[in-house]
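Let me begin by handing over the structure; questions about it come next.
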Amino acid sequence: MDKSNQKEYAPMLLVNGNKVFDSFVDHFNDLNGSPFKGHNFPEVFIITPVKSKEQPEDKGDKATDTRPASVIGYIEGEEEYDSVYREIYGAIQAKWPEIDSIHKVPYHPLNPSNRGANQMEGSQEKPDHDKLIKTAAGRILFEYDTSRKDRIREVRLWVEENIQLVFTMDPL
């Protein structure tokens, strides 16, 4: 998210791409057509973390806050990277003016630095680090399934393991 590194800055990557990341501009033809009959496509989802209520604890040279994300808390409605979110939104609108469905999807990120040894005393909640490794929590999941015997294609987009954003079913 460092603006000084223009080639790696998210809005620039979207438009220009790089060696390992395709530009969305190069795929307009793919993106403008819908594989699903009767669905309003394309739709854009910008998945962005919400802002922490507290700054990370100061650990001297090692500024790693090991408290669980649930303890730090979040400010609902505020993005952690507000200016970057706005620039990504603007880049998509500028390069793809036909798009009329850009959705902001806020999520509560887990703290990967929170490990078992640093778990709050008496807490029954698993450390965030364990959740990241052993569950789908903290992940964004896109499922695309064509294996159903009734020849129905299913697409699902999940955030935070239990928030389903999109679910479509369409005959193949």
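Fewest to most neighbouring Cβ within 10 Å: what's the order for PHE24, PHE142?
Fewest to most other Cβ atoms nearby, the residues stand as PHE142, PHE24.
Additional query: In nm, to one decimal, how far is the ALA10 label point from the TYR81 one, both placed 7 Å along Cα→Cβ?
Label at ALA10, label at TYR81, 0.4 nm between them.
Which ³J(HN,Hα) values in Hz, rounded to whole numbers, follow from the phi angles of the range 5-11 under the Karplus curve 6.51 cos²θ - 1.76 cosθ + 1.60, where θ = phi - 60° and Gly and Pro get x?
Using θ = phi - 60°, the values come out as 9, 3, 5, 9, 6, 3, x Hz.
Another question, if that's okay. Among the listed pairs LYS3/LYS53; LYS7/LYS134; LYS104/LYS131, which are separated by more than 28 Å between their Cα atoms?
LYS7/LYS134
Bear in mind these aren't lab numbers, they're just calculated from the coordinates by the rules spelled out. Quick caveat: nothing in here was measured; it's all calculated off a predicted structure. Cβ: placed from backbone, ideal geometry, glycine included. Neighbour counts: every protein chain shown.
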